[in-house]
1. If we keep just the residues of segment 388-419 that are surrounded by fewer than 18 Cβ atoms within 10 Å (Cβ to Cβ) and of a type in the set (S, T, Y), which is farthest from A341 (Cα to Cα)?
2. Here are the criteria: (1) among the aliphatic types (A, V, I, L, M); (2) surrounded by 19 or more Cβ atoms within 10 Å (Cβ to Cβ); (3) closer than 21 Å to R119 by Cα. Tell me which single one L260 does not satisfy.
3. Does segment 352-364 include one or more residues that are modelled with pLDDT of 90 or more, within 24 Å of A160 (Cβ to Cβ) and crowded, with 21+ Cβ neighbours inside 10 Å?
4. Scan segment 305-320 for residues that are more than 14 Å from the chain's Cα centre (by Cα) and either modelled with pLDDT of 95 or more or within 18 Å of N32 (Cα to Cα) (or both) and jot them down.
5. How many of the residues in segment 288-342 are crowded, with 23+ Cβ neighbours inside 10 Å and within 20 Å of V423 (Cβ to Cβ)?
6. Condition first: without any contact (Cβ under 8 Å) to a residue 60 or more places away in the chain and closer than 17 Å to I174 by Cβ. Now tell me which residues in segment 234-250 satisfy that.
7. Mind listing just one residue for me: the one in segment 16-47 that is at pLDDT below 80 and surrounded by 14 or more Cβ atoms within 10 Å (Cβ to Cβ) and, of those, farthest from Q402 (Cα to Cα)?
8. Tell me, yes or no, whether segment 382-399 has at least one residue that is basic (K, R), more than 29 Å from I130 (Cβ to Cβ) and not in a loop (DSSP other than H, G, I, E, B).
Amino acid sequence: MSQTHSAPEVPADGPAPGGVSFDPTDPGLQQNPYPAYAFLRENLPVMRGPLGVWMVSRYEDCEALLRDRRMGKDFANSKFFEQIMGSSEELPPFLGFGLDDFDAKMFLLTDPPEHTKLRGLVSQAFTPAIINAMRPRIASIVDELLGELPAEFDLMERLATPMPIRVLGSMLGIPEADQEQFTSWSVQIAGMLDLDVELPPEVAATRRAATGACTTYFLELAERRAAEGGQGEDLISHLVRARDEGSALSTQEIAATCVLLVVAAQETFSNLIGNSGMVFARHPEAFTGLAADPDSIDGVINEIMRLEPPAHQVGRIALEKFDLHGEVFEPGDAVILLVAAANRDERAFPEPDTFRADRDGRPNLSFGRGIHYCLGAPLANLMAREALTGLTRRITSVQLTQETIDFKPGLGLRGPAKLPVRVERRGS
């Protein structure tokens, strides 16, 4: 067995062994990270990254670690900050805000028993009956946003960016006049997933301000719901009622949970629709196949999630000492599971770079596994179904109008910032 931290460390300013560069902060990696992922799977399945965290890239390993109770999500248990900063007194700049903002526990970043309590409460707003009841409203939002499509438009601006907050606004009871602000906040807060230790101070300040403003908004909204007796049907009213009925849920926890829900859903779904446009342009048979066989939509969405997932990385913290492929994880070590690399592992998916909507067998890891499986997966699938159905009803093909795609910053979440497309409209 090797010594702790003995895995090869890939320098941020040079190539990995074999000549393949893997610097998570390199903007060039956004354009096509998959060759680097393939190299890691074959040569460095467990790698000590340039920021001092472990990176795991094979499907079997990622799937197992997502289920492993020796792995957690509570960063309070992590040595991550000492590993890259030499001190745990404040978060590294790429997170963009201080530890005080993490005083409140949110179920997306907790472990049992806190996670069990919070997830149990929030999950009551994501039951199959509630999700299915949202279908007409979601379909209406898609129709409003798409309308009569021009021959050329930006798919992100037209649909992918505004749609998630419109849906979440209904769920959370956010007044329509306030919803546009959340799009800007979510982009800034989602930047905390960027592995950039050289973040300019002004960017960190912007992220900190967005986090504070969004949290304050939800604190005030929760108090307004409480003043109204928590009688609404939105998620915040539901959580306020739970708090007042003795669930030991604090107002700060309600606000923090709503912040993470908005950010996770806004950015994840925006990326999913943008990435769908990329896939349809690069694999025209995927779009024509869906248009010809609408019943294949679930397979199409699953394959898009596998081939171009909206999130490339999932963070975990080692809670116990154990080894993987001879490398030792110590308690508190930060571990990044490269689910986008795992989703193209040829050991799990034959012809992994080929689009196949009829794949059987192992599911992709884009929504996670285990107790932290994405609570919003059914809602994301429903939103994707309605969005893609809305497109196939209006157009017969989609093409990119520029060769290079302008991606959002960072690789934790990966999706286009803009996606100009040219479409063939039905009946034209």
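1. Per the stated criteria, the residue is T396.
2. (2) is the only condition that L260 fails.
3. Yes, segment 352-364 has at least one match.
4. Matches in segment 305-320: L307 only.
5. The number of residues fulfilling the criteria is 3.
6. First pass over segment 234-250, keeping only residues without any contact (Cβ under 8 Å) to a residue 60 or more places away in the chain: 240-241, 243-246.
Within segment 234-250, just V240 meets the criteria.
7. Within segment 16-47, the first condition is being at pLDDT below 80, and the residues that meet it are 16-28.
Narrowing the set further to residues that are surrounded by 14 or more Cβ atoms within 10 Å (Cβ to Cβ) leaves 16, 20-26.
Numbers: A16: 31, V20: 27, S21: 26, F22: 26, D23: 26, P24: 25, T25: 24, D26: 22 Å.
Here the answer is A16.
8. Filtering segment 382-399 down to residues basic (K, R) leaves 385, 393-394.
Checking the rest, the ones that are also more than 29 Å from I130 (Cβ to Cβ) come to none.
Checking segment 382-399: not a single residue is basic (K, R), more than 29 Å from I130 (Cβ to Cβ) and not in a loop (DSSP other than H, G, I, E, B).
The values are calculated or read from the model by the stated rules, or taken from the named source; none is laboratory data. These numbers were taken from a predicted model, which means no experiment stands behind them. Methodologically, a virtual Cβ is constructed for each residue, glycine included, from the backbone with ideal geometry; neighbour enumeration extends over all protein chains shown.
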